[in-house]
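For reference, the structure is listed below as structure tokens.
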Amino acid sequence: AQTVTQSQPEMSVQEAETVTLSCTYDTSESDYYLFWYKQPPSRQMILVIRQEAYKQQNATENRFSVNFQKAAKSFSLKISDSQLGDAAMYFCAYRSHNTDKLIFGTGTRLQVFP
Amino acid sequence: GAGVSQTPSNKVTEKGKYVELRCDPISGHTALYWYRQSLGQGPEFLIYFQGTGAADDSGLPNDRFFAVRPEGSVSTLKIQRTERGDSAVYLCASSLESGGAPRGTGELFFGEGSRLTVL
């Protein structure tokens, strides 16, 4: 069975600085998708970025980028130029290529200080 | 509405009672998902609908949990004989197509969840 591990329960960053959130996963599959979701206090999960395992190039979305290391089964999220609105819970998630289930990690709470 | 709508936003009930949680997905989205998020945890998959049928219900914890989507749009998650351990936020998500389709975008759009508290 696949598992997703987020080893950082909490992280903090100063506004305008850069922070990296860690995620590792375990799978025997070669084709899958990885995601980072943001969950603000409203509870709504918002997709931040996604990565297809078959793509070697790391995904980027504006200030958000990932470092995908397939052999190491690592998928970290880098947030550049952090903003106060980035403060939230961040969840890493895995999905097999042939199912519709997302498997989530336990989350990292990000605090952003002015 | 423009997004996934879930009602009620908060529900407090007593142990042993029956509860229904409603999800109204984005119009036109054929796939619908229910997840449960316990305190301090990530969401856990419960059930997935493609149209009216439950394509995967492997995440339902026991037979007290049941979900329907009779017309392929609104879905209701039903919990019988509630227990204190059922207390959690129940999240619903929808997508335009099955995320399991090869190379499908399958982006899930989540609602704000229903927080269930069983006393």
Task: Enumeration of residues in region B:18-33 that are away from every other protein chain (no Cβ under 11 Å) and part of a strand (DSSP E or B) - done: B:19, B:20, B:21, B:22, B:23, B:24
Task: Number of positions in region A:67-87 that are open to solvent by less than 10 Å² (accessible area, probe 1.4 Å) and either within 14 Å of another protein chain (Cβ to nearest Cβ) or not in a loop (DSSP other than H, G, I, E, B) (or both) - done: 4
Task: Residues within region B:40-56 that are more than 11 Å from every other protein chain (Cβ to nearest Cβ) and not polar (S, T, N, Q), tallied - done: 3
Task: Unique match (being more than 14 Å from chain A (Cβ to nearest Cβ) and surrounded by 21 or more Cβ atoms within 10 Å (Cβ to Cβ)) among B:91, B:119, B:77 - done: B:77
Task: Residue within region B:9-20 that is closer than 26 Å to residue A:92 by Cα and not polar (S, T, N, Q) present - done: no
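Applying the selection to region A:88-114, what residues are part of a loop (DSSP other than H, G, I, E, B) and polar (S, T, N, Q)?
Going residue by residue through region A:88-114, those that are part of a loop (DSSP other than H, G, I, E, B) are A:97-102, A:105-107, A:114.
The answer is A:98, A:99, A:106.
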Task: Filter pass, residue A:38 being under 12 Å from the mean Cα position of the chain (by Cα) and either within 14 Å of another protein chain (Cβ to nearest Cβ) or touching a residue at least 60 places away in the same chain (Cβ under 8 Å) (or both) - done: yes
TODO: Please list, ordered by first then second residue, the pairs with beta carbon atoms under 6 Å, 6 or more apart or interchain, first in region B:13-41 and small (Gly, Ala, Ser), second modelled with pLDDT of 95 or more.
DONE: B:16/B:81; B:38/B:88
Open item on the list: Of the residues B:22, B:64, B:36, only one is over 14 Å from the mean Cα position of the chain (by Cα) and surrounded by 14 or more Cβ atoms within 10 Å (Cβ to Cβ); which?
Closed with: B:64
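The values are calculated or read from the model by the stated rules, or taken from the named source; none is laboratory data. No experiment lies behind these values; they were computed from the predicted model shown. Counting neighbours? That spans all protein chains shown, and the Cβs are built from the backbone with ideal geometry, glycine included. Protein only, heavy atoms only, side chains kept; ligands, DNA and RNA dropped before computing areas. Shrake-Rupley method; radii C 1.70, N 1.55, O 1.52, S 1.80 Å.
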